[in-house]
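The values are calculated or read from the model by the stated rules, or taken from the named source; none is laboratory data. Note that this is a predicted model, so its numbers are computed, not measured. A quick note on method: Cβ atoms are made from the backbone with ideal geometry, for glycine too, and the neighbour counts reach across all protein chains shown.
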Amino acid sequence: MKYNEKTTDEILRRYKRDDRDFRGVTLKEGDLSKCRLAGVIFEGAQLLDCTFEKSILRRANFKAANLRGTTFKGADMSKSNLTGADFRGATLRAVNLSGADLRWANLEGVNLSDSDISGANFEGANLKSANLKGANPGRLWWKAKLEEARLEGTILPDGTVFGQAAVSALEE
């Protein structure tokens with residue numbers, strides 16, 4: 001095992017001892033499903049093909065983390081710092097991202113359908129080919145890169161529901 005490579009058991013053991021700082025760690029294919037990891041710090045971490053399904057990750061810090069192929073389905077990531085995180089290939093369906101900071105995050109091709117993303121900051125985020133169907137993107141949706149994003153069924157702050165025609169109009 002390499003210096004910064006950790007196991008799921010090691011992370012959970014340290015977290016239970018109130019150690020929240022896992023900056024720069026590498027975890028591959030770790031299963032942290034249904035875990036309570038509020039306030040955990042995974043800044044700059046390599047969390048590849050991991051599972052955080054239905055986990056509590058409120059106020060977590062995933063700033064500049066590589067989260068490729070990781071599953072967050074049904075997780076609570078509200079008010080988390082996800083600035084510059086790479087979510088390509090990740091699953092974020094039905095995730096609570098309310099109040100999360102997603103500035104400059106790479107969400108290309110990510111399925112955010114049925115997620116609560118109200119109040120999330122998407123400034124400079126890459127949402128190319130992302131699926132936001134059934135999600136409420138909050139008030140700063142217009143600052144995100146929305147090229148080729150799937151927005152049908154997305155509810156905007158004023159209650160407007162995007163349809164396919166509205167997406168085409170945005171691209172012109």
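What to note about this one:
- Residue list for the stretch 41-56, restricted to those being surrounded by fewer than 20 Cβ atoms within 10 Å (Cβ to Cβ) and of a type in the set (S, T, N, Q): Gln46
- Filtered residue count, the stretch 61-76, keeping only those that are charged (D, E, K, R), assigned to a loop (DSSP other than H, G, I, E, B) and out of contact with any Gly (no Cβ under 9 Å at 6 or more places or on another chain): 1
- One residue alone among Arg23, Arg59 is touching a Phe, Trp or Tyr at 6+ places or on another chain (Cβ under 8 Å), surrounded by fewer than 19 Cβ atoms within 10 Å (Cβ to Cβ) and touching a residue at least 12 places away in the same chain (Cβ under 8 Å), and that residue is Arg23.
- Condition met for Arg58 (at pLDDT 95 or above, touching a Lys or Arg at 6+ places or on another chain (Cβ under 9 Å) and in a loop (DSSP other than H, G, I, E, B)): yes
- Subset of the stretch 32-77 [over 13 Å from the mean Cα position of the chain (by Cα) and acidic (Asp, Glu)]: Glu43, Asp49
- Considering Thr7, Thr91, Thr26, Thr51, the condition of being within 26 Å of Gly124 (Cβ to Cβ) and of a type in the set (Val, Ile, Thr) is satisfied by Thr91 alone.
- Qualifying position, being among the hydroxyl-bearing types (Ser, Thr, Tyr), at negative phi and modelled with pLDDT of 90 or more, among Thr83, Thr154, Thr160: Thr83
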